[in-house]
1. For region 2-118, what percent of Cα pairs sit more than 19 Å apart?
2. Given a Förster radius of 41 Å and the C-beta distance between residue 75 and residue 113 as r, what FRET efficiency does 1/(1 + (r/R0)^6) yield to the nearest 0.05?
3. Send over the per residue convex hull volume for region 15-65, Cα only, as a whole number of Å³.
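None of the figures in this text is laboratory data; all of them are computed from the coordinates on show. All values derive from a computational prediction rather than experimental measurement. As a convention, Cβ positions derive from the backbone with ideal geometry for all residues, glycine included, and neighbour counts pool all protein chains shown.
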């Protein structure tokens with residue numbers, strides 16, 4: 001965002017520099033300039049410089065204002081997302097707890113079934129003969 005702000009300023013100074021090179025005699029002539037609170041006798045270079053600084057200040061202020069609005073909008077959306085997540089968790093917590101309890105019950109039931117299968121006759125593992133390694 002800062003580079004986009006810098007481009008018009010650079011273009012302005014290139015234009016002023018180009019104009020100054022081609023019209024140097026006119027460029028250093030003094031003008032009577034009124035700022036509303038007083039009148040000054042300044043060269044055109046100073047008048048253009050004052051105008052450039054004024055517009056740069058306004059552009060910088062507007063960019064900061066837009067950026068602060070953008071940040072506030074992002075913070076607001078993040079708060080909304082957090083509240084939605086917490087609401088979803090609060091609503092689904094009892095359901096999750098019941099699912100976990102059912103899983104515990106099913107796990108215990110599977111353990112009992114496995115124990116019964118191990119104790120039934122004919123399911124005993126046959127011992128393998130050990131081979132002699134001499």
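1. Working: 4953 of 6786 pairs.
In whole percent, the share of Cα-Cα pairs in region 2-118 beyond 19 Å is 73.
2. Numbers: r = 54 Å, r/R0 = 1.32.
Between residue 75 and residue 113 the formula returns 0.15.
3. Working: hull volume 3.4 nm³, N = 51.
For region 15-65, the hull spanned by Cα atoms encloses 67 Å³ per residue.
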